[in-house]
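Data block below; observations after.
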Amino acid sequence: MTLLEKRMRGLNRDLSGAVSKVLDDPKPKSVHRLRTTIRRIESLVSYANPDIGKKEERSLEKLTDLRKRAGKVRDFDVQEDLLDTLGNGSTVKDRKTLKNILEKKRNQQAKRLESAVKKIHEAKFFGRLDRIAEQAGALQDGKNRPLAPLEEAEAQLARMAEDFGFAQTMKPSRLHGARVALKRIRYMAELAEESAEQKELMRELKSAQDAIGDWHDWQELTERAEKRFSDRASCPLLREARTVLSARYSDAISAVHKLFSLTQEPTRKPPGAAQSLQTAARRA
């Protein structure tokens, strides 16, 4: 059994466990585990590019739909946590109002997630994932995998840095694209054998990804608050959320530039054929 097949089968077991947990109780931790496990499966399949049938393709499509469902629940979980960090005493009433809205919407999305999970909670679905694991780990002629996982991740990161350019202004939409692409690159690096180089790259990617993710979460919370309190220009909660959002935006840009600067170091391998940021974002 090849390393990729072992990893895919391990992810399939993790997915089965995550599905059971969500069915028992869609707690934030269970929903997050479900979402990240599916991300890892998608990354492995994308890299391995296995020769699979239509039934297996439909199973992967169901997984993608399930991940997006879990993402909607997760967004409300994170926004509720961020809302609790706003400590201005004058925001208490507005925080309670907004939290009630978030809880109601979270419960609605959780019910939809549970319904989607029930549809895949059957033996045939996981049997198809096992067949995908076999195909993903099968020996191929190399054309489907031009580079080893770590080399591919480094090449994609180097290409991404070139696409951005250090002199360009990083607008929110572009920063969001970076967030999506860095997730894929990080999961790609996870497929590699453990080494000092792999661990270093994982640390660098996670640091930047966390900074962008923090900004994105604050952006979504601020937009929701603006929608609810749009008739109050001087709303204290809005002022505080916008202040935090601005700081997180600056932090995210700095983190991305720092990550990209590391691709210019002589210890980095030269980039090969790599996927562009735009392609990675479109597939998200």
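The values are calculated or read from the model by the stated rules, or taken from the named source; none is laboratory data. None of these values were measured; they are calculated from a predicted model. Cβ placement follows ideal geometry from the backbone for every residue including glycine, while neighbour counts extend to all protein chains displayed. Note: areas computed on protein heavy atoms with side chains; ligands, DNA, RNA excluded. Shrake-Rupley method; radii C 1.70, N 1.55, O 1.52, S 1.80 Å.
Within the stretch 249-266, can you find the residues that are open to solvent by 70 Å² or more (accessible area, probe 1.4 Å) and either at pLDDT 95 or above or aromatic (Phe, Trp, Tyr) (or both)?
Residues of the stretch 249-266 open to solvent by 70 Å² or more (accessible area, probe 1.4 Å): 251, 254, 258, 264-266.
Correct list: 251 only.
Whenever a residue of the stretch 1-30 is closer than 15 Å to residue 119 by Cα, its partners that are surrounded by fewer than 20 Cβ atoms within 10 Å (Cβ to Cβ) and among the basic types (Lys, Arg), lying with C-beta atoms within less than 6 angstrom and at least six residues away or across chains, give the pairs 18/33. Filter the stretch 197-210 down to residues that are crowded, with 19+ Cβ neighbours inside 10 Å and under 13 Å from the mean Cα position of the chain (by Cα) and give me whichever is farthest from residue 77 (Cα to Cα). Applying the filter and picking the extreme gives 205.
So is residue 75 within 16 Å of the chain's Cα centre (by Cα), part of a helix (DSSP H, G or I), in contact (Cβ under 8 Å) with a residue 12 or more places away in the chain and under 30 Å from residue 232 (Cα atoms) or not? Yes, satisfied. Counting only residues that are of a type in the set (Ser, Thr, Tyr) and touching a residue at least 40 places away in the same chain (Cβ under 8 Å), the stretch 203-228 holds 1 of them. In the set 69, 7, only one residue is more than 18 Å from the chain's Cα centre (by Cα) and surrounded by 19 or more Cβ atoms within 10 Å (Cβ to Cβ); that residue is 7. Going residue by residue through the stretch 94-105, is there one that turns out to be outside any helix (DSSP H, G or I) and more than 21 Å from the chain's Cα centre (by Cα)? Taking every residue of the stretch 94-105 in turn, none turns out to be outside any helix (DSSP H, G or I) and more than 21 Å from the chain's Cα centre (by Cα).
Only one of the numbered conditions (1) open to solvent by 50 Å² or more (accessible area, probe 1.4 Å); (2) not in a helix (DSSP H, G or I) is violated by residue 33, and that is (2). Take the conditions (1) part of a helix (DSSP H, G or I); (2) more than 19 Å from the chain's Cα centre (by Cα); residue 230 misses just one of them, which is (1). Selection of the stretch 79-132 for residues being closer than 24 Å to residue 214 by Cβ, of a type in the set (Val, Ile, Thr) and open to solvent by less than 30 Å² (accessible area, probe 1.4 Å) yields only 91. Taking (1) in contact with a Leu (Cβ under 9 Å, 6 or more places away or on another chain); (2) open to solvent by 10 Å² or more (accessible area, probe 1.4 Å) in turn, residue 234 satisfies each apart from (1).
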